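Bear in mind these aren't lab numbers, they're just calculated from the coordinates by the rules spelled out. A quick note: this is a predicted structure, and the numbers were derived from the prediction, not measured. Because the Cβ atoms are built from the backbone with ideal geometry, glycine has one as well, and the counts that use them run over all protein chains shown.
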Amino acid sequence: MNHHHDPNPFEEEEVNPFSDSKKKGKELAAWETDLKRREKEIKRREETVTRADVPVDDKNWPPFFPIIHHDIANEIPVHAQRLQYSAFASWLGIVLCLVFNVVAVIVCWVRGGGVKIFFLAVIYTLLGVPLSYVLWYRPLYRAMRTDSALKFSWFFLFYLLHIAFCIFAAIAPPIVFHGNSLTGILAAIGLFSDHVLVGIFYLVGFGLFCLESLLSLWVLQKTYMYFRGHK
């Protein structure tokens with residue numbers, strides 16, 4: 001019997017049943033390594049944000065068009081919430097003062113006061129509203145959250161400038177700020193003789209700046225007492 005043409009089972013192509021399992025194992029190991037690398041990167045970023053004291057918060061105020069994050073009830077200590085609400089009222093107060101200032105100046109402009117004072121009043125508002133939030137209200141909010149002495153110091157510095165501006169605006173001397181672009185008492189007196197209606201608007205603006213000055217002085221005093229009591 002001739003066996004030279006019989007197939008030789010030992011000459012078949014070598015097949016390793018574990019080669020596919022080894023390939024999948026390498027891919028899994030590479031995936032795990034990449035996952036760990038990404039986790040470390042995310043952790044590093046979170047630590048960087050924490051060290052920089054930059055809270056990552058969702059915008060939730062005002063509810064109809066959220067532009068800032070604001071949640072006193074859940075983020076500020078209970079014993080400090082009343083003070084924080086008062087500071088928030090102070091910030092809303094300067095917003096009201098500046099917006100009404102624009103309205104009063106428009107009335108003055110229509111009555112012949114000139115367009116220059118209108119543009120100046122608009123500039124005060126466009127600068128004053130965001131700067132007051134960024135420079136002193138947000139630092140106080142974060143200071144209350146973290147009890148940061150640096151944030152408190154930043155607040156005191158710029159809040160004093162805020163109070164100085166409110167007092168200046170309530171008087172409205174004819175220096176620095178042009179003409180009748182601020183609704184202070186001196187501007188109101190000067191306008192009464194020619195336009196009673198305009199004078200009334202300016203008197204209301206004067207009253208708003210006075211109330212804002214008084215509220216701000218009260219907030220400053222209470223915040224300083226709170227700061228000294230925690231240091």
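List of remarks:
- Using 0.36 nm per residue and subtracting the Cα-Cα separation, the extra length available between Ile68 and Val99 on full extension is 9.2 nm.
- As a rough guide to protection, the peptides 125-133, 139-147 ranked by mean Cβ packing within 10 Å, highest first, stand as 139-147, 125-133.
- Label-to-label distance for Val129 and Val196 is 3.3 nm, based on points extended 7 Å past Cα in the beta-carbon direction.
- Burial ranking of peptide ranges 186-197, 63-74, 88-99 (average Cβ count within 10 Å, highest at the top): 88-99, 186-197, 63-74
- Modelled label positions at Val122 and Lys26, each set 7 Å beyond Cα in the direction of Cβ, lie 6.8 nm from each other.
- Amide H within-cut-off set for Trp61, under 5 Å, with H built and near neighbours excluded: Ile67, Ile68, His70
- Spin-label pair His79/Lys36, simplified geometry with 7 Å Cα→Cβ offset, distance in nm: 4.6
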